[in-house]
Amino acid sequence: MDFIKIENDGQKIIGTNYWNTPNARAGYAYMSLNAGAYRLLLPQSRSEWIKEMATAREVVITRGPWMAQAKIDAFEIMFDDGSKSPFVIDMVPEQWDRTPSDADRGWKGLLHVYTDSSPAPTFTFGRVYYRKGNIPCLKKVDE
């Protein structure tokens, strides 16, 4: 992956070169953490995901092994809308600028979703839960 530059203003991204990288052009999402917020960068080619995400009441991020893909470390970002089949994005650590620590477990921070078509977040989720588990997990927080 190319070296990703992100300019921050606290939790907000005010500039990034991610949109011009081969991974963004290939449609890969990228996660950045800063000032207690998760920031998901979503390339324009994945804009159809926005309507799937928008129905979520909360976001649950699970980190752990993804044996089906032979990955010892991976992430599941579940946009929990209360349905039996919530929208999920699976990612590997190379798609994160910094991975959460054990101290980040539980209900923490916000998730801002950015697209390359707007300098401001497309939307923000106020309830984000981080935990450890196996991928796929697809479990609600109370399960």
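The values are calculated or read from the model by the stated rules, or taken from the named source; none is laboratory data. Here the structure is a predicted model, which means the values were calculated and not measured. Note that we place each Cβ from the backbone using ideal geometry, even for glycine, and neighbour counts take in every protein chain shown. These area figures cover heavy atoms from the full protein model, side chains too; ligands, DNA and RNA do not enter into them. Shrake-Rupley method; radii C 1.70, N 1.55, O 1.52, S 1.80 Å.
Summary table
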quantity	calculated
Residue list for region 123-133, filter: exposed (fewer than 14 other Cβ atoms within 10 Å of the Cβ) and within 20 Å of Pro65 (Cβ to Cβ)	Lys132
Subset of region 47-75 [under 21 Å from Thr122 (Cβ atoms) and surrounded by 18 or more Cβ atoms within 10 Å (Cβ to Cβ)]	Trp49, Met53, Ala56, Glu58, Val59, Val60, Ile61, Phe75
Selection count, region 77-101, where residues are closer than 19 Å to Asn34 by Cα and either in contact with a Phe, Trp or Tyr (Cβ under 8 Å, 6 or more places away or on another chain) or open to solvent by 10 Å² or more (accessible area, probe 1.4 Å) (or both)	11
Lone unmet requirement of (1) loosely packed, with under 15 Cβ neighbours inside 10 Å; (2) assigned to a helix (DSSP H, G or I); (3) touching a helix residue (DSSP H, G or I) at 6+ places or on another chain (Cβ under 7 Å) for Gly27	(2)
Subset tally (residues that are modelled with pLDDT under 90 and either in contact with a Phe, Trp or Tyr (Cβ under 9 Å, 6 or more places away or on another chain) or charged (D, E, K, R) (or both)) for region 107-140	7
Positions within region 61-75 being aromatic (Phe, Trp, Tyr) and within 22 Å of Lys108 (Cα to Cα), in sequence order	Phe75
Selection count, region 92-124, where residues are assigned to a strand (DSSP E or B) and touching a helix residue (DSSP H, G or I) at 6+ places or on another chain (Cβ under 8 Å)	3
Answer from Leu41, Leu33 - the residue that is buried (at least 21 other Cβ atoms within 10 Å of the Cβ), of a type in the set (A, V, I, L, M) and either under 30 Å from Asp142 (Cα atoms) or touching a residue at least 24 places away in the same chain (Cβ under 8 Å) (or both)	Leu41
